[in-house]
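Single-structure report; data block below.
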Amino acid sequence: MRILVDGYNVIRRLPELRAVERAEGLAAGREALCAHLRAYRRARGHAITVVFDGAGGTGASSGGGGLTVRFSRAGETADAVIARLLEAGGSGAVVVSSDTAVAAAARRAGAAAVTAEEFGARLEAVAIGALKGAEEESPPAPAKGKGPSRRLPKAERARRARLGKL
């Protein structure tokens with residue numbers, strides 16, 4: 001699975017990362033997020049691309065540990081880069097952003113959208129699992145109804161299946 005992360009959006013939505021950014025600066029906040037994403041990648045094995053607005057660099061680079069870090073060009077936002085990546089092949093991807101415009105672009109491209117807070121909870125669960133030396137506990141399965149009248153629409157079932165793999 002491919003995960004696209006709106007970097008500054010996530011940093012500013014998660015209290016731990018926001019505190020690092022305020023205390024130590026923007027670069028420290030980026031590095032703290034990348035460290036969390038590398039740990040998540042080691043535990044779950046997903047391809048992760050984190051996109052930042054261009055103030056910190058240009059182009060794409062390896063963030064180490066299988067993480068790809070991209071910076072937008074001058075005059076371009078990270079949201080536009082994420083939309084472009086989704087257009088190039090976003091079906092089946094998961095986008096992490098609390099920005100409604102980014103979430104809408106993800107849905108248009110056939111990708112699932114997760115808020116920064118939801119993904120932060122998953123990052124925390126993986127970190128706790130790593131400390132315990134066990135796998136992350138999976139969320140409880142939704143209650144199953146009887147018959148097709150209670151069945152979720154196909155698109156929603158596909159979205160939930162992707163998020164279940166997250």
Select from the range 97-114 the residues that are β-branched (Val, Ile, Thr) and either over 16 Å from Tyr8 (Cβ atoms) or open to solvent by 10 Å² or more (accessible area, probe 1.4 Å) (or both) and write down the one among them that is nearest to the chain's Cα centre (by Cα).
Val114
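Conditions (1) at pLDDT below 95; (2) buried (at least 18 other Cβ atoms within 10 Å of the Cβ); (3) over 22 Å from Ile128 (Cα atoms), marked per residue:
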site	(1), (2), (3)
Ala27	yes, no, yes
Ala39	yes, no, no
Gly57	yes, no, yes
Glu76	yes, no, yes
Asp79	yes, yes, yes
Ile82	yes, yes, yes
Under the condition of being assigned to a helix (DSSP H, G or I) and over 16 Å from Ile3 (Cβ atoms), which residue from the range 41-55 is modelled with the lowest pLDDT?
Ala55
Here the residues within the range 64-101 that are aliphatic (A, V, I, L, M) and over 13 Å from Val5 (Cα atoms) are Ala74, Ala88, Ala101
Per the filter on the range 97-148, residues of a type outside the set (Gly, Ala, Ser), in a loop (DSSP other than H, G, I, E, B) and modelled with pLDDT of 90 or more are Asp99, Thr115
Contacts under 6 angstrom Cβ, first residue in the range 7-20 being modelled with pLDDT of 95 or more and open to solvent by less than 20 Å² (accessible area, probe 1.4 Å), partner among the charged types (D, E, K, R) and in a helix (DSSP H, G or I), 6 or more apart
Ile11/Glu21
Val94 meets each of (1) over 22 Å from Glu156 (Cβ atoms); (2) buried (at least 22 other Cβ atoms within 10 Å of the Cβ); (3) of a type in the set (Val, Ile, Thr) with one exception, condition (1)
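The values are calculated or read from the model by the stated rules, or taken from the named source; none is laboratory data. Owing to the predicted nature of the structure, the values given are computational and were not obtained by experimental measurement. Because the Cβ atoms are built from the backbone with ideal geometry, glycine has one as well, and the counts that use them run over all protein chains shown. Accessible surface areas use protein heavy atoms only, side chains included; no ligands, DNA or RNA. Shrake-Rupley method; radii C 1.70, N 1.55, O 1.52, S 1.80 Å.
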